[in-house]
C-alpha cells in the first residue's frame, strides 16, 4: 500500500473522479436494492412476518389465500397430526373501507385470526384484538397515511358495516395494501355475506397457519384430506405479482452488477496501463509481481470501500427524503451484503490489470532497446 | 564536487553478502565474471547476433566504461548481467553465482539486494518525494522505517540533495532527478551498479558532476560500476575502458 496511498494523495483529481464513479455505481445498486426490498416488503410483509412455518390450503388453491376455503375443523385435524407444534385459523379478504367523517375510500387486505393464537401481530399503539370486542380491528400503521387514527370508526364499503380501530401494528402489508387484522367471526360475516358463498362449509376459514417441521408437513399433506401444504416462503413467492415484481428488479440489479464489473475493470486496466512503465522500473529494481499486485489490489479495495460508504450514505439520504408512498426499504444488512458483492466485483475487475502487471517487461519499461 | 565522505553507517543492515556501502572489499574475486557470452535474437526468419563471445571481469571498486554506438550491444550486455534476459550461450557469474542456475525469484532477490541501477532517464515515481524514491529498494527489502529514513537521508546527502528530499520528482530538475536515481541505486549498499547512459539526458556540466560522484563512490565505498556511454568524459574517469562494436567487446583506449 506504500505506493497506492501516495498515488491516491498525489493524484487526487484522477482518483477522486474514479472514486466518484464507484460511489455512483454503489449508490445506484443500493437504490435499486432498496426499491426491490421495498416492493417485496410492500407486497408481502404480512406473510414474511407470519409467525408460522407452513400454511395449509384447500387442495387445488395453488397456495393462494383468496382461492382457498377450508372448514374450521381442519385446524383440529392438523393439530392432531404427529409433530405439529401448533396450528391457527387464517382468513383473507380484500375490502374497501371509509373512515367515518371522511370521503376517502381506503383499500385494505383483511387477515382474520384467532386473537388468542400465535398469529396475533405485535401492537405498536393501542391494544390487540379481543374476542369480547368483535368489531375491534388492528391496522398496519401505513393506514395512518390516510388519516386513520386510534378509536376511528371504519365503514366497510358498500355494505356499511362498522369497525373500531383499537390498535396499530407495523410491517403488515399484503398486495401493497395495509392489513386489517380482525377476529374470525367478523371476517366471516364480511367475506361470506352473500348466502351460499361458502358453499357447504358452515364455519369457513381461508387456511391454517402451522408451526411444524418438514416431516410433520409431509404427514399433514398425506393424512388430512382435501388440503395442500406450502412453506411460508413459497406462500410468499406465490403472492399475486410478487415474483414478477421482485424478478424484474432483481434482473436489473444483476445487470447492474455485471455493468459495474466492466466499468471497474476498464478503469483499473487503464490506470494499470498508464503505470506500466513505473511497474517495469520497479520490477527492474527488484519488486516482485506479488508486491505490485498487492499494491494494486489494496488501492482498488480502498477506493471501492470509500465508494461503497459514500454510496450507502447517499442512499440513506435519499431514503430519508423519499415520499412515504414509494416502497423503499434499505436495511443495514442489505447494504453490507451488496457492499460486499461490490467489493467482490471490484476484485474481479482487477484480474485483467493483475494479468497486465504480470506481463510487464522490465526491459521494455526502462527503454533498453540498444 | 559531491565528494561527501562515506561515514560508517553504524547499525545499518547491509544486503546479503554485503559489507555495507562504506566497507572496503578485497578485490581478490571478481564481483562479475562474463565468459564467452553470446546473445542472438530471432528476427523474422533470420537471426541477429547482439553479443559475440564477450569476456569481462569486474572487481570491487572498479569503474568500467563501455563505449559503443547505438545498437552495438551495450544495453544487451547490461540486461544479461542483471539477469533481466538470458544468454544464448556463455556464462554470467555474479557475486559467485551462475545466473543460469538461479530461479527468476532468486534473480529478483539478487537485483533487490546486490545490484543498483541507473537508467538513461531517472525513472523516478512521480507520486513520491525524493526521499521516498530513494527508499524504494529498502522498502522492497523490508528494511525497518528508522533505518530507511537514516540511510535515504545519508544517500541524498551524498548526492548533495539533502535539502530537496521532500520535493516530488516532477519538482526536481533533470540533473537532480538523475542524482536521486543514483542515491536510489546506492542506498541499499549494492556490490555492483549498472548505469546505462546515465548522463545521456543531461547537459555536459551536470553530466560530469554525476560521473565524478559515481567515481568517488566507487573508490571510497568499494562499489563496482559498469557505465555504458557515448560520453568521452566517462572514459576519462573510468578505471578501464572497453569498446563494443557489432557485439564484440574489446579493450579500448582512453
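Read-outs: derived from the displayed coordinates by stated rules, not from any lab. The model shown is predicted, which means the values in this text are computed figures rather than measured ones. Note: ideal-geometry Cβ built from the backbone for every residue, glycine included; neighbour counts use all protein chains shown.
So here's what we get for this one:
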{"item": "Within 10 Å of each Cβ in B:124-134, the average number of Cβ atoms from other chains", "result": "3"}
{"item": "Part-to-part distance (alpha-carbon centres) for the stretch A:183-261 and the stretch A:83-155, which is given in Å", "result": "19 Å"}
{"item": "Burial ordering of B:142, A:211, A:275, fewest other beta-carbon atoms within 10 Å first", "result": "B:142, A:211, A:275"}
{"item": "Order of A:359, B:35, B:179, A:6 under a 10 Å beta carbon neighbour criterion, fewest first", "result": "A:359, B:35, A:6, B:179"}
{"item": "Chain B, relative contact order [Cα under 8 Å, separation at least 6], %", "result": "30 percent"}
{"item": "Most mobile listed residue (A:157, A:182, A:264) in chain A, GNM with C-alpha springs under 10 Å", "result": "A:157"}
{"item": "Inter-site label distance for residue A:231 and residue A:244 at 7 Å from Cα along Cβ, in nm", "result": "2.5 nm"}
{"item": "DSSP bridge orientation in chain A - percent antiparallel, rounded to nearest 5", "result": "80 percent"}
{"item": "Distance (nanometres) between label positions extended 7 Å along Cα→Cβ at residue B:105 and residue B:146", "result": "3.2 nm"}
{"item": "Cα-based shape type of the stretch B:146-243, given that a ≥ b ≥ c are square roots of the gyration tensor eigenvalues and the cut on a/c is 1.5", "result": "oblate"}
{"item": "Antiparallel bridges, percent of DSSP beta bridges restricted to the protein assembly as shown (to nearest 5)", "result": "65 percent"}
{"item": "Inverse of mean 1/r across different Cα pairs in the stretch A:211-322, Kirkwood, Å", "result": "19.8 Å"}
{"item": "Partner chain coverage, peptide A:285-294 - average Cβ within 10 angstrom", "result": "5"}
{"item": "For the stretch B:121-162 versus the stretch A:159-175, the gap between their alpha-carbon centres in whole angstrom", "result": "74 Å"}
{"item": "Cβ-based exposure ranking for A:111, B:192, A:301, in which fewest neighbours within 10 Å come first", "result": "A:301, B:192, A:111"}
{"item": "Förster radius 41 Å - calculated FRET efficiency between residue A:332 and residue A:76, Cβ distance, rounded to 0.05", "result": "0.45"}
{"item": "Difference of contour (0.36 nm per residue) and Cα-Cα distance, residue A:5 to residue A:17", "result": "2.7 nm"}
{"item": "Long-range Cα-Cα pairs in the stretch A:288-343 (distance over 18 Å), rounded percent", "result": "48 percent"}
{"item": "GNM flexibility winner over chain A from A:80, A:253, A:278 (Cα, springs under 10 Å)", "result": "A:278"}
{"item": "Efficiency of FRET from Cβ geometry, residue A:189 and residue A:221, R₀ 30 Å, rounded to 0.05", "result": "0.45"}
{"item": "Residue of B:205, B:167, B:89 that the Gaussian network model of chain B assigns the largest fluctuation, springs spanning Cα pairs under 10 Å", "result": "B:205"}
{"item": "Taking chain A and dividing mean pair separation by its residue count, relative contact order in percent (alpha carbons under 8 Å, at least six apart)", "result": "29 percent"}
{"item": "Mean separation of Cα contacts under 8 Å, 6 or more apart, over the residue count of the stretch A:1-103: relative contact order %", "result": "12 percent"}
{"item": "Length added when fully stretched, residue A:347-residue A:254, from 0.36 nm per residue minus Cα-Cα", "result": "31.8 nm"}
{"item": "Pairwise label distance in nanometres, residue B:236 with residue A:161, each label 7 Å out on the Cα-Cβ vector", "result": "11.4 nm"}
{"item": "For chain A, calculated [θ]222 nm from helices alone, where every DSSP H run of n ≥ 4 adds -39500 (n - 2.57)", "result": "-16000 deg cm²/dmol"}
{"item": "Global geometry of the stretch B:74-124, whether rounded, prolate or oblate, following the gyration tensor of its Cα atoms and the 1.5 cut on a/c", "result": "oblate"}
{"item": "The stretch B:59-99-the stretch B:187-214 distance, computed between alpha-carbon centres (Å)", "result": "17 Å"}
{"item": "Mean residue ellipticity (222 nm) of chain B, computed from DSSP H runs ≥ 4 via -39,500 (n - 2.57), nearest 500", "result": "-10000 deg cm²/dmol"}
